[in-house]
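Input: a single structure, listed below in structure tokens.
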Amino acid sequence: MNLHIGEIVKSQREFYRSNKSLSLEFRLTNLKKLKSLIVSNMNLFHKAIYDDFAKSSYENELTEIIPIIEEIDIAIKKLRKWVRPKRVGTNILNFPAKSYIVPEPLGVCLIIGAWNFPYNLSLTPLVGAIAAGNTAILKPSELSKQTSALMTMLINENFDSNYLHVIEGGVDETTELLKHKFDKIFFTGSPQVGKIINMAAAKNLTNITLELGGKNPVIVHKDASLKISVKRMLWAKFTNSGQLCIAPDYILVHKEVKDKFLDCVVEELKKAKYSFKNNNYVKIINDRNFQRLVNLIDENKVFYGGKTNKTQRYIEPTILNNIDIDDAIMQEEIFGPLLPVLAYENIDEAFALIKNIEKPLAAYLYSNNKGIKKRFLSEIPFGSGGINDSVMQISNPNLPFGGVGNSGIGSYHGRYSFNCFSHFKSVLDKPVYFESNLKYYGYNKKKISLIKKLF
Ligand code: NAD
């Protein structure tokens, strides 16, 4: 195994140094090839995700395939523009030079994926790596076995291993991979493992992007339009059974509207009819996560739901009421279909509670009050967020997607994926027909005052 990984990294470095991955044509050809592999194997993509999650093909298209294809299409359409050097202004001191910024690939990349959206979280960064002209090794999560096996089969059979290659495995294989020098490590997963990746990358000063998680707050202020707000936030919470990094983690609702809010929640959950049978609900990924979630359900606080089935790894959409900040469910990222509800009396109290927890990957405010919106944006740190909506910010490729502090470093999607896998060289390009004497020896007061003016 060790030799295998080492050989692949070495061959990718050699291939990268051959400059073949740099040309625009090469990048476009491979983006198109990746797209055609996905489109022509759609049935296999649907089957593998069903085997891992019991996820319907509708939801697979909505949350995995369509966003990946959109990322590929944007890259194909915009790449010619992205790779072009960008002219910027030049200061007078450097007359008659011109200045520009030249994107260059980082080199040999390692992409480590998480299991909850196994295609999207592996292939979307891969699109960025290809578009920017790199080579890449992809290591999907070992927990989503069937989807991981499918990506391995399709990529390893259709691309040369010295350009793109998938290595399957868990902690051992990732630890082995991390012993090698990469030019970029793109990691999606938990903050705990993110720290391990960061330490390994530091040894070689490798450029990193860490897409991590956290506890994503939702504030429901007293003026919120409750019905539509609840509809939007519950879809965001229970899609993929809450196994979504930017799903609402906990609700902070204003005391005055809490009862009305809970009535709307019950009404909406009854209407949405989340179940495997209706193809709008999925299994918990494995027994360990199932048990972890079951342990977080305090039966005395269950307001709605609470049913579980170990054999099917099913947990009903569950609302927990009268939750206290010290309850177990408030001590970790939930990452499942449990939604704790806490009440607040004034907005300062809600803001203070959020700021007392590590910076979240996402935060959401439901309010139409301009002053509250302004304060939410300026006072609450978060990776990405929404006002009167949740999760949908991720579907806009014009918005960079990433965390801050404990929830991540860096961002991607659309143009930002290209940036994420590129270095931007700053270049000053000066013709030889003129040279000012100002900086050269022969220092005097007149010269320095002229330089000051030119600055
Ligand atoms: P994880 O950190 O357990 O695993 C992620 C990856 O790291 C996997 O490929 C795994 O094989 C590898 N890994 C696990 N332990 C390792 C170790 N000790 N050394 C080296 N590699 C190791 O995370 P997960 O359970 O797959 O995913 C859940 C977490 O990921 C949640 O915190 C969630 O919020 C976060 N997440 C973030 C995003 C995002 O885009 N920001 C998306 C999905 C999930």
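The values are calculated or read from the model by the stated rules, or taken from the named source; none is laboratory data. Since this is a predicted model, take the numbers as computed values, not measurements. Using ideal geometry, Cβ is built from the backbone for each residue, glycine included, and neighbour counts are taken over all protein chains shown. The protein model used for the area step is the full one, side chains on, heavy atoms only, and it has no ligands, DNA or RNA in it. Shrake-Rupley method; radii C 1.70, N 1.55, O 1.52, S 1.80 Å.
Taking 17 Å as the straight-line reach from the Cα of K425, the lysines in range (excluding those fewer than 8 positions away in the same chain) are K81, K86, K98, K184. A straight Cα-to-Cα reach below 21 Å connects K270 with the lysines K55, K227, K231, K237, K258, K260, K283, K301, K307, residues fewer than 8 places away in its own chain not being considered.
Judged by the mean number of other Cβ atoms found within 10 Å, the most tightly packed of the peptides 181-187, 64-70, 192-198 leads the ranking 181-187, 64-70, 192-198. Among 411-419, 269-277, 328-336, sorting by the average number of other beta carbon atoms lying within 10 angstrom of each residue, highest first, gives 411-419, 328-336, 269-277. Using a probe of 1.4 Å, the accessible surface attributed to M199 totals some 140 Å² when neighbouring protein chains are kept in position. Measuring r between the beta carbons of K446 and R292 and using R0 = 51 Å, the FRET efficiency lands at 0.10. Within the stretch 312-333, name every residue whose backbone N is under 15 Å away from a label modeled 7 Å from Cα of N300 along the Cβ vector. Flagged as within label range: 321-329. With the charge dipole of the chain set up from +1 on Lys and Arg Cβ and -1 on Asp and Glu Cβ about the Cα centre, the Cα lying farthest toward the positive end among the listed residues A202, F424, Q331 is that of F424.
Projected onto the charge dipole of the chain (+1 at Lys/Arg Cβ, -1 at Asp/Glu Cβ, origin at the Cα centre), which of G410, Q291, G214 gives the Cα projection farthest towards the positive end? The residue sitting farthest along the positive end of the dipole is G410. On full extension, the segment bounded by L28 and D327 gains 102.5 nm, given 0.36 nm per residue less the C-alpha separation. Taking a ≥ b ≥ c as the square roots of the eigenvalues of the Cα gyration tensor, the stretch 100-242 is classed as prolate, since a/c reaches at least 1.5 and a/b is larger than b/c. With contacts taken as Cα pairs under 8 Å and at least 6 residues apart, the chain reaches a relative contact order of 19 percent. By definition, a body whose alpha carbon gyration tensor gives a ≥ b ≥ c is prolate when a/c is 1.5 or more and a/b is larger than b/c, and the stretch 1-142 fits this prolate description.
When its C-alpha radius of gyration is set against 2.2 N^0.38 Å (N residues), the stretch 217-397 gives a value of 0.97.
What's the FRET efficiency of S18 with Y433 using the Cβ-Cβ distance as r and R₀ = 41 Å, to the nearest 0.05? Efficiency, from the Cβ-Cβ distance: 0.65.
Ordering of 284-292, 425-433 by packing is 284-292, 425-433, highest average first (other Cβ atoms within 10 Å, averaged per residue).
Think of the chain as having a plus end and a minus end, set by charges on the Cβ of Lys, Arg, Asp and Glu; of Y250, I69, P96, P96 sits farthest toward the positive end of this dipole.
Here is how the number arises for the chain: DSSP H runs of 4 or more residues each give -39500 (n - 2.57), the sum is divided by the residue count, and the result at 222 nm is -12500 deg cm²/dmol. Could you name the aspartates and glutamates whose alpha carbon sits less than 19 Å from that of K452, not counting residues in the same chain fewer than 8 places away? Once the sequence-local aspartates and glutamates are set aside, what remains near K452 is E435. The alpha carbon centroids of the stretch 101-167 and the stretch 356-372 are separated by 33 Å. Where a ≥ b ≥ c are the square roots of the eigenvalues of the C-alpha gyration tensor, would you call the stretch 124-174 rounded, which needs a/c under 1.5, or, failing that, prolate if a/b is larger than b/c, or oblate? It comes out prolate by the Cα gyration axes. If R0 is 25 Å, the Cβ-Cβ spacing of F276 and M199 corresponds to a FRET efficiency of close to 0.05. Computed over the alpha-carbon pairs of the chain, the distance histogram in 10 Å steps reads 4, 19, 26, 22, 15, 8, 4, 2, 0 percent, short to long.
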